1. Where both partners of a DSSP beta bridge lie in the chain, what percent of those bridges are antiparallel, to the nearest 5?
2. Note down the nm distance, to one decimal, between modelled labels 7 Å out along Cα→Cβ at Ser99 and at Glu136.
3. Would you order Val108, Val157, Val16, Val141 from fewest to most other beta-carbon atoms within 10 Å of each residue's own beta-carbon?
4. With a cut-off of 8 Å between alpha carbons and a minimum separation of six or more residues, what is the relative contact order of the chain in percent?
5. Which shape class, rounded, prolate or oblate, goes with the range 26-67 when its Cα gyration tensor gives a ≥ b ≥ c as root eigenvalues, a/c under 1.5 marks rounded, and past that a/b bigger than b/c marks prolate?
6. Excluding residues on the same chain fewer than 8 positions from Lys90, give the lysines whose Cα lies under 24 Å from its Cα.
7. Taking the simple approach of a point 7 Å from Cα along Cα-to-Cβ for both Asn161 and Lys148, what is their distance in nm?
8. For the range 104-164, rounded, prolate or oblate, judged on the Cα gyration tensor with a ≥ b ≥ c (square roots of eigenvalues), a/c < 1.5 rounded, else prolate if a/b > b/c?
Amino acid sequence: MKLFLTGYMGSGKSTVAEQLSQLLNLAYIEMDHEIERMEELTIPEIFEHFGEEYFRRKETELLKNTAEECIISTGGGVILKEENRRLLKKGVVIYLNASWDTICERLVNDQTRPLWNGNDDNKKEHFTGRLPLYKETADIVIDVDNKKPEVIAKQIVARLNSHH
Ligand SMILES: Nc1ncnc2c1ncn2[C@@H]1O[C@H](COP(=O)(O)OP(=O)(O)OP(=O)(O)O)[C@@H](O)[C@H]1O
Ligand SMILES: O=C(O)C1=C[C@@H](O)[C@@H](O)[C@H](O)C1
Ligand SMILES: [Mg+2]
């Protein structure tokens, strides 16, 4: 079983992947970290030197090479490419649905996400524009506002048990 965690920047994919990995005793892969490790550069550096298109190609390559039995914490933009959305269908896609207010609270001082920039209107448009893609790709939707990571992980396990 391949479990993909999806959601906007700051929705908690990386945090929840770790909790879920303990509960299910499954290894987890953090796509952003893997790409940073392979490229020997940070994400802001990759975007700065090679551009977003290059980063997106690396994401697709990595998606094609993920192991069968694991949890994959995806990058927030993985749902942008049609090809990626098709690759996600090979596993169970769990969308962490966070509200705009929650995302803003969590990312208020964040400097590590190159696409979290501009004024509030730009950011909100970016967030809103992606929501249909997260929804369309999801097998399971988990609302994450005001929940602790361990609660979210337990809810995911419960939903997986009732998911066929
Ligand atoms: N359930 C939660 N409750 C409170 N804070 C949380 C929760 N989940 C994550 N956070 C905090 O929110 C921030 C973003 O979380 P995280 O890095 O896991 O998000 P992400 O979805 O992996 O983002 P990205 O797509 O940019 O990698 C972190 O500071 C994390 O500690
Ligand atoms: O939402 C996005 O497009 C991104 C999210 C992060 O996880 C990183 O993959 C990168 O900063 C791009
Ligand atoms: Mg992350």
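Quick note: the coordinates plus some simple rules give every number you see, no bench work behind them. Remember, predicted model here, so these are calculated numbers, not experimental data. All Cβ positions, glycine included, derive from the backbone under ideal geometry; neighbour counts span all protein chains shown.
1. Close to 0 percent.
2. Once both label points are built, they end up 2.6 nm from each other.
3. Sorted ascending by nearby Cβ count, the order is Val108, Val157, Val141, Val16.
4. Values: 220 pairs, mean separation 60.5, N = 164.
Averaging sequence separation for qualifying contacts and normalising by length gives 37 percent for the chain.
5. It comes out oblate by the Cα gyration axes.
6. By straight Cα distance, Lys90 reaches Lys2, Lys13, Lys58, Lys64, Lys81, Lys135, Lys154.
7. Between Asn161 and Lys148, the label points sit 1.9 nm apart.
8. oblate
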